[in-house]
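Participant: So that we are looking at the same thing, I have put the structure below in structure tokens.
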Amino acid sequence: MTTAPTPGPLLAMRGIVKQFPGVRALDGVDLDVTAGEVHCLLGQNGAGKSTLIKVLAGAHTPDAGEIVWAGRPVTFGSPQAADAAGIATIYQELDLVPGLTVAENVVLGHEPSRLGFSRLRAADDKARRLLRRLGHPEIPPRRELGRLSAAGQQIVSMARALAKDARLIVMDEPSAVLDPEEVQNLFRVIRELTADGVAVVYISHRLEEIREIGDRVTVLKDGRTVARNLPARTTPTADVIRLMTGRTVEYAFPPRAAPVSDEVVLQVEGLSRTGEFRDVSFTVRAGEVVGLAGLVGSGRSEIVETVYGARRPSAGTVRVRGKRLRPGSVPAAVRAGMGLAPEERKSQALLLGEPVFRNVSLPAMDRFATAGFLGPDADLAAAAEITGRLDVRPSDPRRPARTLSGGNQQKVVLARWLLQGCTVLLLDEPTRGVDVGARSEIYALVRRLAAQGAAIVLVSSEVPEVLGLADRVLVVREGRVVHEAPSGELDEGRVLDLVMEAVPAGAAERSGS
Amino acid sequence: MERAAREEPARSRLARLFDTGGGRNLGLVAVLVLLGVVGVVTTDTFLTTANLLTVLTQASIIGVLTVGMTFVIIGGGIDLSVGKVMALASVWCTTVATQSFGWVVMIFCALAVGVGAGLVNGLLITYGRIVPFIATLAMLISAQGLAEQISGRRSQIVTDPVIAGIANTRLAGIPLLVYIFAAVVVVGWVVLNRTTFGRRTFAIGGNPEAARLAGLDVRRHTILLYVVSGLCAGIAAIMIASLTTTGSSTHGTLYELDAIAAVIIGGTLLTGGRGTLIGSILGVLVFTTITNLFILNNLATEVQNIAKGALIVIAVLIQTRAQRSSGTG
């Protein structure tokens, strides 16, 4: 993949405007990308990053503005046109075909063929070569894609971009589904690509990643470019955050109040699920936040979903205030006062086409009904009161949930359980895909709920988040709780060691409970 | 840029009009009016009370099935069995033995058969994890077989005067069947739009996983949706038994497709989560009016079916257009 050095920027976007019904998603965006650089695109949710890369990928046609590609003005009328020019995009929601093999996905759209017959062997070889280059020779090209983990699918998505000999690869939050080790692997691949003259547009919420891999940064806010071509390594974090939010945010965790009482609210004993996790026991007291730290695939999401009754345990019990819950029944858990903010907000929590207030009142609607009868707006005021209190923006409770940004959608899910009056909250990756501003609001909300006596279980891949928010941390590895300690006794390095198995002998025994 | 700015709101207004149930319903009303104009121009008899009541009576049986079908489809399922469950119920409630107990037992039998078939459908789909298409297709076939078995493939004459009299009864000049249809529509509309049951139906059809994780009992609700559809088939069975004065295994052939088509042209998403009952009913009326016009003009049923097919395609095209322009991601 050798590319003649292009004089001037490889890509220049000028004054890009994209209007949707009711929203001006892009309102004059500029972006310069030179060959061989990693250009980071920063911005809060709703700042226009996704729209901008869709314009670049030919999925949206801009209403105004100019795109100069390799020195020539172009218009990408279709994804195929962008593809042919050498722009590949790895979307956050992977656009792969689960039913096809890994190799078929890699070559999808440009299958090697002879006389109309596809050459499977050639496709396999190509996929194998690319996967090896990506540091994943263990992924078999003939494996059905849907059977790979999310991280594995991400690698295939990368291979597919490479297969097209792209000169510019756009990566939309590629690290969101990756473990720390795999992120390092991703960075190695990115460095190889840029050394070959390929340009990478990298989108991430994690500023530390941008420091590590990025060359230059462009910041978007409200559909406009507010700063461009900042040096990625040396621009102070505070400046970047100020640019993104338009205000100064201390990226700090709220102080912990002392636990409200010693009352054990949630008690999990010997919970197991064949093939997923074994013998998990823990308790959460009123006013306490318990963090579950672990890698993707360690079983942490499975554990909270089983506690919640969404999966049926093969052994063990869950008690709320001493009362044993019927295993495998979500309605029983909700009746007992539990609420889950699941990992995948859009597919697991929200009715995207329904108005915000109906999303909020979904479990609690019986309360607003008389003998099953429920007026169309009977629950509007109560739901709007809570979304207002959580500062869900835009504030109109009749807007479809689809139109909200990730952070505000998460607030809608939390509002749902506040309205329901939950006393046990299970939060699975509550800040994934949530921008910096909304993040601190969610942190503050979690602590406030705890201070009001809620028992909270927090699952997160981000160790600082677990340490900063939780009172007590359980480390989960390969389906077992390998360590339990007050968060004050742990630091990030120690947790990462525990999470990734580099544990000194003896420390792996968990303190009994 | 100025051009774009002018175009966008215009297109989006149009999209919004089609996007809301109300807008699409207006479209269907316009189609009905258009058909009415065609009727007036091409025939002398279309716009007579007698003919309009005939149209309504003919719409009433499929209409009742369509109400149940609307619930099932909004809830994310499909019920292919309604036509033949109706036939089975009509046969079961008109056997010599059942008729000997009188009309109350006959009605009870018809409703029980419908509810029972719906319950079996629901259990197969939820606890048996069989996709709705297959489960209700199996029910269609077995209901047909059972109806033939019970009736010995003969039409069973309705001798009970109350049941036979339903179709002949008129209140204020309007046939009782039309009142039954209207009552089912009103109850259905209230349940769908003014109860927690209706809200849950939309939620479960829109995102079953989210509904489950919000604590809704998705299985129980799904079973109830098929029971509602079965109940409608039971009601329709009494209506058709009365109208034809027979219970027969040949009743209701392909009615399920007419009901599904009416739901679809009424703007309900086949994938669930969105739709209106009024749209479905307008869909039934459009279909029945088309049939009526063809009969009045002595045109062949073949042409009529082609017209219906074209109408379905046009409705779905409009639906997907509206969706695409409203879904901006």
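The values are calculated or read from the model by the stated rules, or taken from the named source; none is laboratory data. Note that the structure is predicted; figures quoted are calculated from it, not measured. Because the Cβ atoms are built from the backbone with ideal geometry, glycine has one as well, and the counts that use them run over all protein chains shown.
Participant: Go through (1) surrounded by 16 or more Cβ atoms within 10 Å (Cβ to Cβ); (2) closer than 20 Å to B:His251 by Cα and name the single condition B:Arg154 misses.
Facilitator: Here B:Arg154 meets the rest and fails (1).
Participant: May I ask you to verify whether B:Arg212 is modelled with pLDDT of 95 or more, under 22 Å from B:Gly77 (Cα atoms) and within 13 Å of chain A (Cβ to nearest Cβ)? Before you say what the answer is, go through the steps one by one.
Facilitator: Values: modelled with pLDDT of 95 or more: yes; under 22 Å from B:Gly77 (Cα atoms): yes; within 13 Å of chain A (Cβ to nearest Cβ): yes.
Yes: the conditions hold for B:Arg212.
Participant: Would you mind telling me which numbered condition in (1) closer than 30 Å to A:Glu429 by Cα; (2) at pLDDT below 85 A:Val170 fails?
Facilitator: The one condition A:Val170 does not meet is (2).
Participant: Give the residues of segment A:312-365 that are of a type in the set (D, E, K, R) and within 11 Å of chain B (Cβ to nearest Cβ), sorted by residue number.
Facilitator: Once the filter is applied, which keeps residues that are of a type in the set (D, E, K, R) and within 11 Å of chain B (Cβ to nearest Cβ), segment A:312-365 yields A:Arg335, A:Glu343, A:Glu344, A:Arg345, A:Lys346, A:Glu354, A:Arg358.
Participant: Next up: Could you go through segment A:366-382 and let me know if any residue there is within 13 Å of another protein chain (Cβ to nearest Cβ), among the polar types (S, T, N, Q) and out of contact with any strand residue (DSSP E or B) (no Cβ under 6 Å at 6 or more places or on another chain).
Facilitator: Residues of segment A:366-382 within 13 Å of another protein chain (Cβ to nearest Cβ): A:366-380.
Narrowing the set further to residues that are among the polar types (S, T, N, Q) leaves A:370.
Filter once more, keeping what is out of contact with any strand residue (DSSP E or B) (no Cβ under 6 Å at 6 or more places or on another chain): A:370.
Among the residues of segment A:366-382, at least one is within 13 Å of another protein chain (Cβ to nearest Cβ), among the polar types (S, T, N, Q) and out of contact with any strand residue (DSSP E or B) (no Cβ under 6 Å at 6 or more places or on another chain), which makes the answer yes.
Here is a yes/no grid of residues against (1) touching a residue at least 60 places away in the same chain (Cβ under 8 Å); (2) crowded, with 20+ Cβ neighbours inside 10 Å:
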site: B:Thr250; (1), (2): yes, no
site: B:Ile260; (1), (2): yes, yes
site: B:Ile265; (1), (2): yes, yes
site: B:Val303; (1), (2): no, no
site: B:Ile318; (1), (2): yes, no
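Participant: Mind counting the residues in segment A:411-470 that are touching a Phe, Trp or Tyr at 6+ places or on another chain (Cβ under 6 Å) and small (Gly, Ala, Ser)?
Facilitator: 1
Participant: If you check B:Ala203 against the conditions, is it closer than 19 Å to B:Leu111 by Cα and assigned to a helix (DSSP H, G or I)?
Facilitator: Criteria not met by B:Ala203.
Participant: Only one of these is at pLDDT 80 or above and either among the basic types (Lys, Arg) or farther than 14 Å from A:Ile87 by Cα (or both): A:Val219, A:Val177, A:Val201. Name it.
Facilitator: Exactly one residue qualifies, and that residue is A:Val219.
Participant: Right, next: Given the condition closer than 22 Å to A:Asp83 by Cβ, free of Cβ contacts under 8 Å to residues at least 40 places away in the same chain and surrounded by 13 or more Cβ atoms within 10 Å (Cβ to Cβ), answer yes or no: does some residue in segment A:135-143 qualify?
Facilitator: So far as segment A:135-143 goes, no, none of its residues is closer than 22 Å to A:Asp83 by Cβ, free of Cβ contacts under 8 Å to residues at least 40 places away in the same chain and surrounded by 13 or more Cβ atoms within 10 Å (Cβ to Cβ).
Participant: Every residue in segment A:390-440 that is in contact (Cβ under 8 Å) with a residue 24 or more places away in the chain and of a type in the set (Gly, Ala, Ser), please.
Facilitator: A:Ala401, A:Ser405, A:Gly406, A:Gly407, A:Ala415, A:Gly421, A:Gly433, A:Gly437, A:Ala438, A:Ser440 - these are the residues of segment A:390-440 that are in contact (Cβ under 8 Å) with a residue 24 or more places away in the chain and of a type in the set (Gly, Ala, Ser).
Participant: Of all residues in segment B:263-278, which are away from every other protein chain (no Cβ under 14 Å) and under 17 Å from B:Val313 (Cβ atoms)?
Facilitator: Once the filter is applied, which keeps residues that are away from every other protein chain (no Cβ under 14 Å) and under 17 Å from B:Val313 (Cβ atoms), segment B:263-278 yields B:Val263, B:Ile264, B:Ile265, B:Gly266, B:Leu270.
Participant: Name the residues in segment A:30-44 that are in contact with a Gly (Cβ under 7 Å, 6 or more places away or on another chain), crowded, with 21+ Cβ neighbours inside 10 Å and either assigned to a loop (DSSP other than H, G, I, E, B) or within 14 Å of chain B (Cβ to nearest Cβ) (or both), would you?
Facilitator: Within segment A:30-44, A:Ala35, A:Gln44 qualify.
Participant: Name, by its number, the condition in (1) surrounded by fewer than 20 Cβ atoms within 10 Å (Cβ to Cβ); (2) of a type outside the set (D, E, K, R); (3) within 10 Å of another protein chain (Cβ to nearest Cβ); (4) in contact (Cβ under 8 Å) with a residue 40 or more places away in the chain that does not hold for B:Ile204.
Facilitator: (1)
Participant: Quick one: would you say A:Ala70 is buried (at least 18 other Cβ atoms within 10 Å of the Cβ) and at pLDDT 85 or above? Write out each step before concluding.
Facilitator: On the way: buried (at least 18 other Cβ atoms within 10 Å of the Cβ): yes; at pLDDT 85 or above: yes.
In short, yes.
Participant: A:Ser281 - would you say it is at pLDDT 90 or above, more than 14 Å from chain B (Cβ to nearest Cβ) and farther than 20 Å from A:Cys422 by Cα?
Facilitator: Yes.
Participant: Looking at segment A:50-59 only, could you name the residues that are closer than 21 Å to A:Arg167 by Cβ and within 14 Å of chain B (Cβ to nearest Cβ)?
Facilitator: Of everything in segment A:50-59, those that are closer than 21 Å to A:Arg167 by Cβ and within 14 Å of chain B (Cβ to nearest Cβ) turn out to be A:Leu52, A:Ile53, A:Lys54, A:Val55, A:Ala57, A:Ala59.
Participant: Among the candidates B:Val190, B:Val162, B:Val184, which residue alone is part of a helix (DSSP H, G or I) and within 14 Å of chain A (Cβ to nearest Cβ)?
Facilitator: From the options B:Val190, B:Val162, B:Val184, the qualifying one is B:Val190.
Participant: For segment A:75-175, which helices (runs of 4 or more DSSP H) that fit wholly inside it have 3 or more residues that are in contact with a helix residue (DSSP H, G or I) (Cβ under 9 Å, 6 or more places away or on another chain)?
Facilitator: A:102-106, A:120-133, A:150-163
Participant: Taking the condition of being touching a Lys or Arg at 6+ places or on another chain (Cβ under 8 Å) and either assigned to a helix (DSSP H, G or I) or within 14 Å of another protein chain (Cβ to nearest Cβ) (or both), how many residues in segment A:62-73 meet it?
Facilitator: Matching residues across segment A:62-73 total 4.
Participant: Would you be able to say whether some residue in segment A:145-159 is touching a strand residue (DSSP E or B) at 6+ places or on another chain (Cβ under 7 Å) and charged (D, E, K, R)?
Facilitator: No - not one qualifying residue is present in segment A:145-159.
Participant: Determine, yes or no, whether B:Gly230 is touching a residue at least 60 places away in the same chain (Cβ under 8 Å), touching a helix residue (DSSP H, G or I) at 6+ places or on another chain (Cβ under 7 Å) and away from every other protein chain (no Cβ under 14 Å). Give the derivation first.
Facilitator: On the way: touching a residue at least 60 places away in the same chain (Cβ under 8 Å): yes; touching a helix residue (DSSP H, G or I) at 6+ places or on another chain (Cβ under 7 Å): yes; away from every other protein chain (no Cβ under 14 Å): yes.
Yes: the conditions hold for B:Gly230.
Participant: Considering only residues of segment A:339-348 that are at pLDDT 95 or above and closer than 21 Å to A:Asp391 by Cβ, which is surrounded by the fewest Cβ atoms within 10 Å (Cβ to Cβ)?
Facilitator: Applying the filter and picking the extreme gives A:Ala341.
Participant: Still on this model: Which numbered condition trips up A:Ile386, out of (1) away from chain B (no Cβ under 13 Å); (2) out of contact with any Leu (no Cβ under 6 Å at 6 or more places or on another chain)?
Facilitator: Condition not satisfied by A:Ile386: (2).
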